[in-house]
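Remarks on the structure that follows.
The values are calculated or read from the model by the stated rules, or taken from the named source; none is laboratory data. Just so it is clear, the model here is predicted, and its values are computed rather than measured. Backbone-built Cβ (ideal geometry, glycine too); neighbour counts: all protein chains shown. What goes into the accessible areas is simple: the full protein's heavy atoms, side chains included, and nothing from ligands, DNA or RNA. Shrake-Rupley method; radii C 1.70, N 1.55, O 1.52, S 1.80 Å.
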Amino acid sequence: FIKALLATEEVPEVTTDQIENLHRRFKQLSGDQPTIRKENFDRVPDLEFNPIRSKIVQAFFDKRNLQAASDGFVDEINFEDFLTIMSNFRPIELNMDEEQQERFRRQKLKFLFHMYDGDSDGKITLQEYRNVVQQMLSGNPHLDKESARSIADGAMMEAASICVGQMEPDQVYEGITFDDFLKVTQSFFFFCIFIGLDRKRRLASWRWTTGSQPKTLGASNRTKRR
């Protein structure tokens with residue numbers, strides 16, 4: 001089964017051992033069934049207190065992440081679907097060449113963009129981003145909702161300045177498209193805001209699922225300071 005899976009073009013770039021570990025985790029989640037549903041993720045202890053748990057679980061069933069031709073969500077996924085989604089939680093590793101790093105970075109950013117773009121309209125609006133930031137920071141006793149709102153508003157203003165430049169007084173920035181997202185995540189500020197907030201959670205999810213501790217690139221190698 002594993003050899004057949006590795007021979008397909010759709011398989012994410014993971015090792016045989018990692019796929020075997022993923023398959024064991026999949027069977028645990030599914031109760032040894034061929035598919036899993038959203039309620040099966042109640043068995044994942046690392047997700048229990050995750051403030052964006054619902055978005056992470058939803059991402060597994062998002063057709064955009066499953067290379068489907070349409071938007072929306074599926075009711076259940078099989079192991080190949082699970083493997084495709086889990087590849088997005090895998091950190092960028094030192095043994096990847098420059099082309100692999102760029103391809104993998106774009107794939108991960110697309111996945112992250114879909115998590116923020118909750119209504120699948122192709123852009124992250126200010127309200128969508130406010131909601132995510134508030135959820136991510138909800139466990140921090142030193143930050144209230146207004147502080148989280150200010151962080152989100154500042155990030156959106158920075159996005160507008162990067163992607164649009166000088167705006168007219170009556171001009172409205174409607175939201176971050178994926179092309180904009182690729183631009184703004186080159187900014188160190190945006191790396192911290194968009195990616196850094198959930199990096200530890202993605203690493204924890206990958207370790208729990210595969211049982212491996214990857215050798216990762218540091219943030220300074222993945223981003224360029226402005």
Subject >> Any hit, region 117-125, residues being in contact (Cβ under 8 Å) with a residue 24 or more places away in the chain, buried (at least 18 other Cβ atoms within 10 Å of the Cβ) and among the hydrophobic types (A, V, I, L, M, F, W, C) >> reply: yes
Subject >> First in region 47-63 and open to solvent by 50 Å² or more (accessible area, probe 1.4 Å), second anywhere and aliphatic (A, V, I, L, M), Cβ under 6 Å, 6 or more apart >> reply: 53/47
**OP:** Can you run down the residue pairs with Cβ atoms below 8 Å, 6 or more apart or on separate chains, where the first is in region 138-161 and assigned to a helix (DSSP H, G or I) and the partner is acidic (Asp, Glu) and surrounded by 16 or more Cβ atoms within 10 Å (Cβ to Cβ)?
**Re:** 159/180
**OP:** Go through region 86-99 residue by residue and tally those that are open to solvent by less than 60 Å² (accessible area, probe 1.4 Å) and modelled with pLDDT under 85.
**Re:** 8
Subject >> Matching residues, region 45-77, being of a type in the set (Val, Ile, Thr) and either in contact with a Cys (Cβ under 9 Å, 6 or more places away or on another chain) or farther than 23 Å from residue 134 by Cα (or both) >> reply: 74, 77
Subject >> Qualifying residue in region 46-55 (condition: among the hydrophobic types (A, V, I, L, M, F, W, C) and closer than 16 Å to residue 118 by Cα) >> reply: yes
